[in-house]
Amino acid sequence: MDKKQYYAACAFGLEAVVARELEKLNITDIDTRDARVYFKADEAGLARANVCLRCADRVYMVLSEFPARTFDELFYGVSTVNLGGLIPPKAKMPVAGDAVGSVLGSVSDIQAVAKRAVIESMRRTYGNIVFDESKSVFQLYVSILRDNVSVCLNTSGAGLNRRGYRVKNSEAPLKETLAAALLKIARWYAHPLYDPMCGSGTIAVEGAMMARNIMPGANRNFDAQHFGTEFKREFDREKQRAADGVKESNVPIFASDIDEKALELAKFHAGRVGVEGDIRFSRANVADFTLQSGDGCIVTNPPYAQRMGEQKEVDRLYKQMGRAFFKKPDTKVFILTADDGFENKFGFRADKKRKLYNGNIRCTFYQYFKKS
């Protein structure tokens with residue numbers, strides 16, 4: 001099977017994490033750029049990427065790339081893509097778009113011009129017909145970065161964070177893909193895992209899924225399943241392979257929170273994915289936190305004032321965390337927060353820091369490998 005060009009979109013700061021995921025999936029020709037990780041794959045590789053990637057947002061098929069500084073150039077570039085060779089005449093063809101650092105900055109105008117160009121391209125294959133757009137979705141994505149246009153096809157459909165288990169949200173939930181990325185950056189695997197401010201349970205659930213080898217896309221649909229017979233066959237195969245690869249886990253995972261409602265929500269989400277028996281939930285104040293074994297890895301996303309709006313309460317919380325987390329010297333601690341003054345309040349300088357984004361909020365991932 002011929003290999004096509006794709007890229008996995010991801011949050012800024014997670015490119016290397018996604019690239020390592022692709023490497024472990026035996027996907028080749030990997031090229032890392034800002035918020036994108038390009039790769040080449042056949043239908044089987046595309047299915048594997050969609051079903052198995054934990055930290056990427058979506059996977060796009062790259063149809064064309066060209067420069068454009070005017071709407072005429074944009075129209076011409078999109079209209080020359082052979083869309084009729086891939087998209088059937090009755091397919092739904094929504095066009096999404098964005099623009100960063102480009103002369104063409106109006107996203108709504110970019111979408112409108114691109115949509116007209118899409119119809120022009122389709123008519124070269126199917127003639128001057130009316131496209132009723134009543135069947136499967138083939139969503140095109142036209143993005144312009146520094147006057148360079150990428151015309152792509154969204155193979156994932158809904159974002160890859162949509163694992164299917166989180167149907168209810170707590171206040172300011174952590175995205176599933178980011179939670180998985182925090183665990184990857186922390187290099188957590190077999191040690192006891194703790195989230196003492198678990199909220200709706202995303203970090204603990206993602207950890208339990210990793211420990212059980214539950215693939216994040218095993219129980220959901222993808223747009224590319226409807227791109228043709230070969231695509232459907234490979235997605236079916238990959239989902240069956242994912243189901244066959246689930247294993248038992250004896251990795252201890254502890255999730256606690258002071259908020260009873262949040263804790264019940266976390267238990268509900270764990271039950272949705274079938275890992276409720278792998279996580280030990282408890283209602284507890286972070287000030288009373290203690291490790292349940294000799295060593296452990298704390299990965300948590302505590303409230304921060306930008307999200308909670310109560311600076312004094314948050315400052316007091318961070319001080320309590322600093323006193324509670326390092327009672328044992330073998331503890332490794334990883335904390336995501338948007339508070340630039342976190343280290344002073346926590347009482348310890350991080351061994352390493354990494355800039356990440358929780359949605360549109362710029363955060364820092366503070367990493368502590370030793371007590372000193």
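The values are calculated or read from the model by the stated rules, or taken from the named source; none is laboratory data. What you are looking at is a predicted structure, and each value in this text was computed from that prediction instead of being measured. Glycine gets a Cβ as well: all are built from the backbone with ideal geometry, and neighbour counts include every protein chain shown. Remember, those area values only see protein heavy atoms, side chains included, never the ligands or the DNA or RNA. Shrake-Rupley method; radii C 1.70, N 1.55, O 1.52, S 1.80 Å.
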- Place a point 7 Å from the Cα of Ile258 in the direction of its beta carbon; the residues of segment 320-343 whose amide N falls under 14 Å from it are 320-324
- Item | the chain, accessible area per residue, ligands and nucleic acids excluded (1.4 Å, Å²) | 45
- Just round it to a whole percent: the fraction of Cα-Cα distances in segment 1-111 exceeding 19 Å. 54
- Can you list the aspartates and glutamates whose alpha carbon sits under 20 Å from that of Lys267, skipping same-chain ones fewer than 8 residues off? Glu171, Glu176, Asp195, Glu206, Glu248, Asp257, Asp259, Glu276, Asp278
- Message: What distance in nm lies between label points placed 7 Å from Cα along the C-beta direction at Lys24 and Asp288?
- Response: 3.6
- Taking one equal scatterer on every alpha-carbon of segment 222-332, how large is log10 of I(q)/I(0) by Debye at q = 0.19, 0.20 1/Å? -1.07, -1.13
- In segment 220-313, which GluC sites (Glu not before Pro) are in a loop and have at most 15 other Cβ atoms within 10 Å, using DSSP for the loop call? Glu248, Glu310
- Note on the structure: At q = 0.10, 0.15 Å⁻¹, the log10 of I(q)/I(0) for the chain from a Debye sum over equal Cα scatterers comes to -0.69, -1.26
- Scaled to the compact-protein estimate 2.2 N^0.38 Å, what is the alpha-carbon radius of gyration of segment 7-53, rounded to two decimal places? 1.00
- Message: Test of the criteria: in segment 146-243, which chymotrypsin sites (Phe, Trp or Tyr not before Pro) are in a DSSP loop and have at most 16 other Cβ atoms within 10 angstrom of their Cβ?
- Response: Tyr189
- Would you rank His269, His226 by solvent-accessible area, highest first, keeping every protein chain in place and using a 1.4 Å probe? His226, His269
- Within segment 276-372, report the chymotrypsin sites (Phe, Trp or Tyr not before Pro) that DSSP leaves as loop and that have at most 15 other Cβ atoms within 10 Å. Phe369
- Item | Calculated FRET efficiency for the pair Arg187/Gln5, C-beta based, R₀ 41 Å, to 0.05 | 0.85
- Message: Solvent-accessible area of Thr290, probe 1.4 Å, all protein chains present, reported in Å² to the nearest ten, please.
- Response: 70
- Message: Considering just Cα atoms, how many Å³ per residue does the convex hull of segment 273-372 enclose?
- Response: 123
